[in-house]
Amino acid sequence: MIEFERFTLSNGLRVLVHRDSSTPIVAMNILYKVGSRDEDPERTGFAHLFEHLMFGGSVNIPKYDEPLEQAGGENNAFTNSDITNYYLTIPKQNLETAFWLESDRMLNLAFSQKSLDVQRNVVVEEFRQNYLNQPYGDAWLLLRPLAYKVHPYQWPTIGKDPSHIENARMEDVKAFYTKYYNPSNAIMVVAGDVDTEQILSLSQKWFGSIDKNGHFERLLPAEPEQNGERLLETERNVPFDAIYKAWHMCDRNNSAFYPADLLSDILSAGKSGRLYSNLVMKQQLFSDLNAYVTGDADNGLFVINGKLMKGVTFEEAEKAIGYEISRLCKEPVEPDELQKVKNRVESLMTFSEMRVLDKAMNLAYYEFLGDAGMINQVVTHYNTVTDSDLLTAANRIFSNQNCSTLRYKAI
Amino acid sequence: MLNRNSQPAIHTLDQISIMEPEKYTLDNGIDVYQFDSGTQDLLMIELIFKAGTWQQEEPFSALGTNLMLREGTKALTSQQISEKLDYYGAHLETSVEKDHAFVTLFTLNKHLTETLTVLEDIIKNASFPEQECSVIIGKQRQTLAINMQKVSYLARTRFTSLLFGRQHPYGQTIQPEDLEINDTDQFARFHRLYYHAANCRMLVAGKIPAGFQMLLQQHFGGNDWLRELQPEVHFAAAPSAEKEIFIQKDDALQSAIRMGREMFNRNHPDFIAMHFLNTLLGGYFGSRLMSNLREDKGFTYGIGSGIVPFDHSGFFFISAEVGSQVTRQAVQEIENELNKLCSEDVNEKELELVRNYLQGSFLRSIDGPFALADRYRDVLLSGYDMNYYNQMLEIERNITPRQLRELAARYLNPKEMYLLIAGKQA
């Protein structure tokens, strides 16, 4: 159970407070409701590039990191398809420095040309390091546009191509900031040995006067139902063939998400998962094989991917995956196996409540989905899933016409 | 009027209280170090064996044995072990370093009896079945082949062999031919020699339930797995005569750079001050290397430096992946930063920044039971207790610019370092 209180400032900033008096560290998490799904198809990778620019100095503070480090704090951030999330931890006696820093970059940025020039390079190097100069690193660059034809999930957060980042201009940066970086488009969570009164007064002091509103409506094209199997074959200089299969499924807020997520656990959570124990250990068709759901705010994907053992053909590999999928569609999962994946959810939840930073991040994310209180009901949602829910979910998701396959061939 | 131009007052952390573990000894002599702390009903139970690559005679013995502990016992198959652990929501991690091997169980307290039974069985009765061994080795072969396509992997592994020599345990890395293994009995042999009570210590952290010590005694405190300690072995390092190495990889978009040298471990009186100096150079986001090569020049997504202490030695390294076209400039800038450290005093402002950062970072690093255990493991394996960190904080508070410059001149002269680049020849 994670208890919290919430209030909203008059400028629309939503604030959540969680008290944990067992730690000298306070976590602050600020989630901006903007991700790569909000990008212009011709300027992808922008939300993530922008995340880098948020460290390039704000209107009154030339450097973000230095004062935070001076106060014994540490921070980082990440961007995904739906959100851009900034987080920090700091000794509780220096918490006000966090309010000072975060409120200033919500107030306005310095927009330094130098910072833009440098961070464009840094992000292009990140693109190379993690996607292009990495065996199998570009698989998702290929899989996304195969699975999504209309919805912006068709490009990854890093962007479609480094040239999009190289071409980013200062005017784009400013427009993006004006539209999305506003108190009413943000959720702040403070977790640690704090009380709500104190956080309310600090929030009013530092964030209360930020008076700007970039009201916008998010109008994203819905991905139409897929009505035919899709296959892409690609050849790369890698040592082994790899396969990626993706099926469309519901969004994170749909109650059908829970059985779908448990299906992925039955296939591949822990070493006793069906894919690992049957296809990796027993049949030795793959050196690794995983199933997972993307869990996005809009309709997401159910993914199975793995690397084939040397000498195994794509046909054999797909047949074996197909067999495991068809079992899920036909045979009810045994009570013990279902209980196993439910126990795992409960255990993961308990471990995730150890650190204030994890709690702050999770609260912010559930608030983004609609209500932070969901965090305390998640385990119940999973626990009430039945074997027949799993059959329904499996039959809904795993049709051939709903499937995109990427054969990533070694040459 | 709100003053947004100046930072709110900073309070320095004068008193950091560091929890010492409770220590006790099981009947067979195993020392247990236990942190009773945390808010959740869960535990981490770790067994530490002197069973690293230092102890092995064949190149894959230490890692192979460790990986295959969970692949079957006299009573349970690999599948049954996984089923049981997963059913109870437990998580088992195994790892091998140069000097030690670790087996760590993360479990909810309410399932402790069941999960501890599995852990005991794995540790004492691992049977290394032929079929599972061959699958695990096959998987390793594929993983290695993929890693060998990564410039970062090539640079990292080759680098230590320059410093210590390919035959030395600290310089040796697994080669594809090492995984053509006929003799699978080596794992059972290694297990018998090194995974036993006399060679074991235990580290426990979390909310300790009543009767826990007795439970540990029942599972791990008997003489049934007490065997004789192996004599200590010694190796002499054979550093490469060549100081600069280039590994060609034609399709690379980036070059991996590694620069560094052999360095002392925690037992050396300069270690803590060197840790401070390393932080300033490349150990945090605002470090000189990051500020210069990333935030000023945009050469790289990330650059860092570190000191890796081993039982018998250690090394210092700088590492980055940089755009192929700027490789030479990047190396030059790294050398400039090292030379600057050797010749110029750090100013008070930067000194204070690093000092405050380190103190905050230390406070974070002892936050929560698992974090405490991590910090304790570091010093335990070097022969210290938590008091080591009090000395560390004291040294950090009093360190001077002159001390840092002298240390740099003694240990961080770029002319005395090895340089390795893996990538496309520009």
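What's the total number of residues in region A:192-245 that are surrounded by 12 or more Cβ atoms within 10 Å (Cβ to Cβ), in a loop (DSSP other than H, G, I, E, B) and within 13 Å of chain B (Cβ to nearest Cβ)?
8
Please determine, by comparing only the residues of region A:326-372 that are within 14 Å of chain B (Cβ to nearest Cβ) and assigned to a loop (DSSP other than H, G, I, E, B), which one is farthest from A:ALA186 (Cα to Cα).
A:GLU334
Quick check on B:ALA371: is it of a type in the set (Gly, Ala, Ser), under 28 Å from the mean Cα position of the chain (by Cα), within 14 Å of chain A (Cβ to nearest Cβ) and closer than 25 Å to B:LEU47 by Cα?
Against the criterion (of a type in the set (Gly, Ala, Ser), under 28 Å from the mean Cα position of the chain (by Cα), within 14 Å of chain A (Cβ to nearest Cβ) and closer than 25 Å to B:LEU47 by Cα), B:ALA371 qualifies.
Does region A:33-50 contain any residue that is within 29 Å of B:LEU353 (Cα to Cα) and part of a loop (DSSP other than H, G, I, E, B)?
Taking region A:33-50 as the starting set, the residues that turn out to be within 29 Å of B:LEU353 (Cα to Cα) are A:48-50.
Subset that is part of a loop (DSSP other than H, G, I, E, B): none.
No, region A:33-50 contains no residue that is within 29 Å of B:LEU353 (Cα to Cα) and part of a loop (DSSP other than H, G, I, E, B).
Please find, among A:ALA260, A:ALA291, A:ALA317, the residue that is open to solvent by less than 20 Å² (accessible area, probe 1.4 Å), touching a residue at least 24 places away in the same chain (Cβ under 8 Å) and outside any helix (DSSP H, G or I).
Values: A:ALA260 fails: outside any helix (DSSP H, G or I); A:ALA317 fails: outside any helix (DSSP H, G or I).
Going through A:ALA260, A:ALA291, A:ALA317 in turn, the sole match is A:ALA291.
Specify which of the listed residues (B:GLU352, B:GLU337) is farther than 28 Å from B:THR39 by Cα, open to solvent by 40 Å² or more (accessible area, probe 1.4 Å) and assigned to a helix (DSSP H, G or I). Break it down into steps so the answer makes sense when it comes.
Working: B:GLU337 fails: open to solvent by 40 Å² or more (accessible area, probe 1.4 Å).
Testing whether each residue is farther than 28 Å from B:THR39 by Cα, open to solvent by 40 Å² or more (accessible area, probe 1.4 Å) and assigned to a helix (DSSP H, G or I) leaves just B:GLU352.
Does B:THR107 meet the test of being of a type outside the set (A, V, I, L, M), crowded, with 22+ Cβ neighbours inside 10 Å and assigned to a strand (DSSP E or B)? Give the steps one after another, and end with the answer.
Details: of a type outside the set (A, V, I, L, M): yes; crowded, with 22+ Cβ neighbours inside 10 Å: yes; assigned to a strand (DSSP E or B): yes.
Criteria met by B:THR107.
Look at A:LEU143 and say whether it is outside any strand (DSSP E or B), surrounded by 18 or more Cβ atoms within 10 Å (Cβ to Cβ) and more than 7 Å from chain B (Cβ to nearest Cβ). Let's see the steps before the verdict.
Values: outside any strand (DSSP E or B): yes; surrounded by 18 or more Cβ atoms within 10 Å (Cβ to Cβ): yes; more than 7 Å from chain B (Cβ to nearest Cβ): yes.
Considered against the rule, which asks whether it is outside any strand (DSSP E or B), surrounded by 18 or more Cβ atoms within 10 Å (Cβ to Cβ) and more than 7 Å from chain B (Cβ to nearest Cβ), A:LEU143 comes out as yes.
If we keep just the residues of region A:78-100 that are more than 8 Å from every other protein chain (Cβ to nearest Cβ) and farther than 17 Å from A:ALA191 by Cβ, which is most open to solvent (accessible area, probe 1.4 Å)?
Ranking the candidates gives A:PHE78 first.
Conditions tested, residue by residue: (1) within 12 Å of another protein chain (Cβ to nearest Cβ); (2) surrounded by fewer than 16 Cβ atoms within 10 Å (Cβ to Cβ).
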position	(1), (2)
B:VAL326	yes, no
B:SER361	yes, no
B:GLU394	no, yes
B:ILE399	no, no
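Among the listed residues A:ILE304, A:ILE266, identify the single one that is β-branched (Val, Ile, Thr), more than 14 Å from chain B (Cβ to nearest Cβ) and in contact (Cβ under 8 Å) with a residue 60 or more places away in the chain.
When all the criteria are applied, what remains is A:ILE304.
Tell me, which residue of region B:282-323 that is within 14 Å of chain A (Cβ to nearest Cβ), in contact (Cβ under 8 Å) with a residue 24 or more places away in the chain and assigned to a loop (DSSP other than H, G, I, E, B) is nearest to B:GLY260 (Cα to Cα)?
Selected residue: B:TYR284.
Return the residues of region B:125-167 that are away from every other protein chain (no Cβ under 11 Å), open to solvent by 20 Å² or more (accessible area, probe 1.4 Å) and within 25 Å of the chain's Cα centre (by Cα); say none if nothing qualifies.
Passing the criteria: B:LEU154, B:ARG156, B:THR157, B:ARG158, B:ARG166, B:GLN167.
The values are calculated or read from the model by the stated rules, or taken from the named source; none is laboratory data. This one's a predicted model, so the numbers in the text were calculated from it and none came from an experiment. Don't worry about glycine lacking a Cβ; one is built from the backbone with ideal geometry, like all the others, and counts go over all protein chains shown. These accessible areas exclude ligands, DNA and RNA; they are computed on the full protein's heavy atoms, side chains included. Shrake-Rupley method; radii C 1.70, N 1.55, O 1.52, S 1.80 Å.
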